[in-house]
Amino acid sequence: GFANPNPLSWVHLARGEAAFDRTQFIEDLMQTHGAPVRRIGKRYAYSNVGYVVLGELIAQVSGQPYASDLQRHPIAPLGLAENEILAFDITNSQTHARGTVKRFGWLNLVLGFMVDRKRLVEQGAGRWLMVRNHLVNGDAYGGLIGNARGLVRLMLALSSSDLLLSASSRRLLFEPVHARGQPRSLGGFTGTL
């Protein structure tokens, strides 16, 4: 499998989306981290690089960019209402939730080693700094942006209806698989919360 380097710097400002070169990002990422570091099937390990590769595979098979293909299926069939959001861009920058960091906290200190603080962090109020609206460089490893209503609609459709997945696909997605550590399925961790 692929390595999992720290992806915190793999972001671009939302207002710079038109200038972002996704193809160049993927080429650079594959050149730097594209060689598998483990034999496939030997040990499970999460990898953002693996998700970027999967997104590119989906784009090649569908003939559309990954985000466009996911908007077409599974998001469009949900028939989301205006107040249910699932997208790969920030639909309303005025109401979009933004992160904050304590001006004199340890996270602010550490953040400077992981991201370009001058580009991503702006002055806030009092003892807080605000993170500027940004998007991840690779939609497949975490680019879906939604609100609680949209995410609930998606999860309900995935877990309990044939709208997006057949009953046999749902069973495969949620059936526990044998692995060390916390019980998991193909769709995530299993158990109760």
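The values are calculated or read from the model by the stated rules, or taken from the named source; none is laboratory data. Quick caveat, the model's predicted, so the values are computed rather than measured. When we count neighbours, we look across all protein chains shown, and the Cβ atoms used for this are built from the backbone with ideal geometry, even at glycine. For accessibility, only protein heavy atoms count, side chains too; no ligands or nucleic acids. Shrake-Rupley method; radii C 1.70, N 1.55, O 1.52, S 1.80 Å.
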Kindly check whether there is at least one residue in segment 97-105 that is open to solvent by 40 Å² or more (accessible area, probe 1.4 Å), touching a strand residue (DSSP E or B) at 6+ places or on another chain (Cβ under 8 Å), assigned to a strand (DSSP E or B) and under 29 Å from residue 21 (Cα atoms). yes
Taking the residues in segment 164-174 that are assigned to a loop (DSSP other than H, G, I, E, B) and under 23 Å from the mean Cα position of the chain (by Cα) as candidates, determine which candidate is nearest to residue 191 (Cα to Cα). 165
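So for segment 124-132 (the condition being under 20 Å from residue 48 (Cβ atoms), modelled with pLDDT of 85 or more and in contact with a Gly (Cβ under 9 Å, 6 or more places away or on another chain)), does at least one residue qualify?
In the first step, residues of segment 124-132 are kept if they are under 20 Å from residue 48 (Cβ atoms); the result is 131.
Pick out the ones that are also modelled with pLDDT of 85 or more and you get 131.
Among the residues that remain, those that are also in contact with a Gly (Cβ under 9 Å, 6 or more places away or on another chain) are: 131.
Yes: one or more hits.
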Can you find a residue in segment 106-123 that is of a type in the set (A, V, I, L, M), open to solvent by 30 Å² or more (accessible area, probe 1.4 Å) and assigned to a loop (DSSP other than H, G, I, E, B)? no
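Restrict the check to segment 1-12 and report whether at least one residue is part of a helix (DSSP H, G or I), under 16 Å from the mean Cα position of the chain (by Cα) and in contact (Cβ under 8 Å) with a residue 40 or more places away in the chain. Break it down stepwise before answering.
Quick first cut of segment 1-12, residues part of a helix (DSSP H, G or I) only: none.
Checked against the condition, which is being part of a helix (DSSP H, G or I), under 16 Å from the mean Cα position of the chain (by Cα) and in contact (Cβ under 8 Å) with a residue 40 or more places away in the chain, segment 1-12 yields no hits at all.
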Do we find a residue being open to solvent by 40 Å² or more (accessible area, probe 1.4 Å), free of Cβ contacts under 8 Å to residues at least 12 places away in the same chain, under 30 Å from residue 3 (Cβ atoms) and touching a strand residue (DSSP E or B) at 6+ places or on another chain (Cβ under 8 Å) anywhere in segment 129-146? no
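Conditions (1) within 14 Å of residue 137 (Cα to Cα); (2) surrounded by fewer than 13 Cβ atoms within 10 Å (Cβ to Cβ), marked per residue:
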site: 17; (1), (2): yes, no
site: 22; (1), (2): yes, no
site: 29; (1), (2): yes, no
site: 34; (1), (2): no, no
site: 38; (1), (2): no, no
site: 42; (1), (2): no, yes
site: 53; (1), (2): yes, no
Among the residues of segment 153-193 satisfying the criterion of being open to solvent by 80 Å² or more (accessible area, probe 1.4 Å) and aliphatic (A, V, I, L, M), which is nearest to residue 73 (Cα to Cα)? 163
